[in-house]
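The values are calculated or read from the model by the stated rules, or taken from the named source; none is laboratory data. What you see is a predicted model; the values in this text were computed from it and never measured. Every residue, glycine as well, gets a Cβ built from its backbone with ideal geometry; the counts of neighbours run over all protein chains shown. To get the accessible areas, we keep the full protein, side chains included, count just its heavy atoms, and leave off ligands, DNA and RNA. Shrake-Rupley method; radii C 1.70, N 1.55, O 1.52, S 1.80 Å.
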Amino acid sequence: MNWIHATTAGLAVAVCTPAFADTAAIQSSTLLPDLVVTANRSEQSLDKVGASMTVLSRALLETQQATAIPEALAHTPGVSMTRNGGIGSPASVNIRGAEGHHTVVLIDGVKMNDPSVTQGNANFTNLLVGDIGRIEILRGAQSTLWGSQAIGGVLNIISAEPEAGFQGNLSAEAGSRGTRYLRGAVSGKEGRMNWRLAANRFDTDGLSQYSPGTEDDGFRNTTLSGRLGYEISDNLSLDLRTVRFSGTNDFDSYNGDSREYGNTDELVAYAGINLAALDGRLKNRLGYAYTKTDRQNFNPDRAIERTTFEAEGENRRLEYQGTMTFSETLSATFGAESERSRMQSRSPWDAATKPAFGTGKATQDSIYAQGQWSPLPQLNLTAGIRQDDHSTYGKNTVGQLAAAWTLNDGATTLRANRGQGFRAPGLYELYSDYGNLNLEPEAFDTWEVSVQQRITHRATVIATYFAREADNEIRYYGCSFGTTDPLCVVNGSTRWGYYANIQKTEAQGVELSLLASLTPNLDVTANYTWTDATNASGENTGKRLVNRPEHMANLSVDYRLSNGAAVGISARYSGEVFSNAANTTRTDSYALVDLRGSYPVSQNLEVYGRIENLFDEAYELVPNYGTPGRSLTGGVRVKF
């Protein structure tokens with residue numbers, strides 16, 4: 001289907017079944033806030049942002065009863081996800097057809113991308129919807145403000161904040177496959193101090209990761225988080241935050257059941273000082289961010305060495321950010337960052353002697369500046385530039401231009417965004433057992449245009465066209481038996497493969513969304529995305545990229561009764577994908593339907609439940625990897 005036909009089909013879907021939350025134009029207890037922080041690294045009105053954004057509020061996440069972040073994201077425009085098995089298995093989130101490692105994942109503004117992971121992407125295994133205040137999804141290249149890897153977009157997971165006095169909440173749920181989820185938090189805000197502590201525990205017996213298998217592969221996760229804010233004076237404040245993830249996931253081999261399992265520990269820490277000057281017009285932030293990930297995989301059935309993989313990745317980042325308001329129509333965001341990354345990894349064979357770690361480190365110093373100017377009250381223009389100085393690849397400069405123009409007394413908003421991206425090869429790609437020191441940086445060029453139109457005071461539609469060109473993309477290259485490729489031979493032994501700059505890619509697509517509050521108690525939302533993501537070089541030129549659905553659609557209906565009870569239904573469709581670069585292996589399309597409901601027993605007590613995959617759809621995200629059938633879950637929420 002060409003893009004014109006796809007657009008026509010998507011409009012039909014949007015008109016017949018109104019669409020998913022992508023704007024704050026219609027106010028509802030479960031929909032979007034007016035202000036966002038990720039687009040310009042400072043609080044800004046959504047109608048002044050030139051890039052495409054979706055915000056999942058805490059109320060919306062609770063209404064949808066989301067458990068894992070990848071599934072919550074998959075209901076939003078332009079986002080697809082894959083997972084090698086059930087919850088707790090390795091997962092990838094792709095925005096607008098880009099690779100998973102082309103998305104920067106932040107927790108409260110701290111970059112989570114792990115340098116010891118295959119291509120430096122974030123680990124979604126432990127990312128559950130725990131003590132989250134909201135998730136901001138910024139689509140398109142955003143390297144100017146967020147640096148290397150922000151090609152497909154940025155996911156900013158923002159934890160819940162203290163609101164007033166002493167408060168607390170507790171939720172507990174249980175369901176199919178021995179699943180238990182317990183979440184709790186307490187917070188306080190009094191005088192100049194605010195604080196919050198939260199803890200989550202998730203356990204499931206799971207399902208067989210190898211789809212024809214019979215042995216369940218479970219997942220256990222514990223997440224602890226805390227934050228402390230203190231106003232030293234009216235213009236000076238201190239901000240401390242930390243999150244600790246600890247998870248254990250069982251998994252199978254590629255062709256059968258296995259008793260293998262892995263342990264992952266992740267630490268995120270941040271300390272910052274905020275200073276306001278010039279009567280509050282100049283806001284300064286000096287921060288230090290630290291992330292560390294430790295991973296180990298084990299095979300209990302090995303005769304000697306049971307460790308099959310171990311790795312450690314670490315990021316240390318010192319950053320300064322300033323925002324200056326020159327006038328009501330002119331402001332700027334600027335800053336400098338210095339990042340130190342290191343990794344080590346090894347994959348021991350079944351022998352008594354472990355191999356040495358493959359180690360690597362890199363430094364990157366960056367400066368950036370972005371200005372926002374409103375030459376007219378309805379027109380907001382943004383221009384930015386960034387220079388990265390990488391210890392291996394030297395200096396690289398990228399820029400971005402964006403515009404948001406509001407017309408017809410706010411009923412119409414036109415947006416345009418043009419951005420460049422740069423990604424230096426990751427440490428694993430350079431220094432692991434499959435590393436290649438001859439790699440070149442990846443380069444990207446993206447643009448988008450969109451129209452947001454309020455149809456009535458209860459309905460708004462958004463249509464976006466996007467395009468991306470990529471050069472020097474890095475992919476894994478497998479070594480064949482008897483090869484004479486010198487990069488396949490290390491110390492006289494042939495290795496399985498290595499990373500190489502072997503690909504150019506192109507992507508274009510259309511995102512259609514409609515948000516409608518048909519009555520004060522009824523929200524109907526949906527979206528449709530057409531994505532044409534293809535190879536643009538080599539023997540697979542013109543072939544679609546692996547695991548990229550051409551068509552995706554979502555529908556959600558929520559109704560609130562007069563007694564406070566609520567019922568809802570969601571449907572998600574993902575089109576067929578190709579499972580290999582040659583496009584000779586297909587994974588079928590699928591459609592999932594979920595039901596949910598909740599009832600407030602009292603002002604502070606609510607019971608809820610859901611049925612996921614209502615029709616017990618048999619489907620695969622990745623060939624030979626299992627997915628859950630029909631699941632039933634019930635729970636309770638308490639606030640105090």
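For the reader, a short list of remarks on this structure follows.
- Estimated FRET transfer efficiency when R0 is 45 angstrom, pair S327-Y288 (beta carbons, to 0.05): 0.90
- Debye log10 I(q)/I(0) for region 206-273, one point scatterer per Cα, at q = 0.16, 0.19, 0.23 Å⁻¹: -0.65, -0.76, -0.91
- Computed log₁₀ I(q)/I(0) - Debye formula, equal Cα scatterers, no solvent, region 86-159, q 0.14 Å⁻¹: -0.40
- With 0.36 nm allotted per residue and the present C-alpha distance subtracted, the A383-L605 stretch has 75.1 nm of extension available.
- Here A59 and N408 are evaluated by their C-beta separation; at R0 = 45 Å the FRET efficiency comes out at 0.95.
- P(r) tail fraction, region 520-640 - alpha-carbon pairs more than 20 Å apart, %: 58
- Calculated FRET efficiency for the pair A269/D301, C-beta based, R₀ 56 Å, to 0.05: 0.90
- Alpha carbon convex hull of region 349-420, volume per residue in cubic angstrom: 153
- Label zone at S253 (point 7 Å along Cα-to-Cβ), backbone N below 16 Å, region 350-364: 350-351
- Here region 431-569 is described by how far its Cα atoms reach on the three principal axes: 75, 33, 23 Å, from widest to narrowest.
- Angstrom value of the Kirkwood radius, inverse mean 1/r, which spans all Cα pairs in region 23-153: 15.2
- Length added when fully stretched, W373-T483, from 0.36 nm per residue minus Cα-Cα: 33.8 nm
- With helices as the sole contributors, the chain gives -1500 deg cm²/dmol at 222 nm; each DSSP H run of n ≥ 4 counts as -39500 (n - 2.57), and the sum is divided by every residue.
- Taking the three principal axes of the alpha carbon atoms in region 290-392, the coordinate ranges are 73, 28, 18 Å, sorted in descending order.
- Scattering profile of region 200-316 at q = 0.11, 0.19 Å⁻¹ [log10 I(q)/I(0), Debye over alpha-carbon scatterers]: -0.56, -1.02
- Here the extension length gained between W195 and A356 equals 53.6 nm, from 0.36 nm per residue of separation less the Cα-Cα distance.
- Convex hull per residue volume in Å³, alpha carbons only, for region 46-123: 121
- Annotation: region 175-229 has a Kirkwood hydrodynamic radius of 13.6 angstrom, from the mean reciprocal C-alpha pair distance.
- Modelled label positions at A591 and V638, each set 7 Å beyond Cα in the direction of Cβ, lie 4.2 nm from each other.
- Among V117, V461, the sequence by solvent-accessible area, most first, with a 1.4 Å probe is V461, V117.
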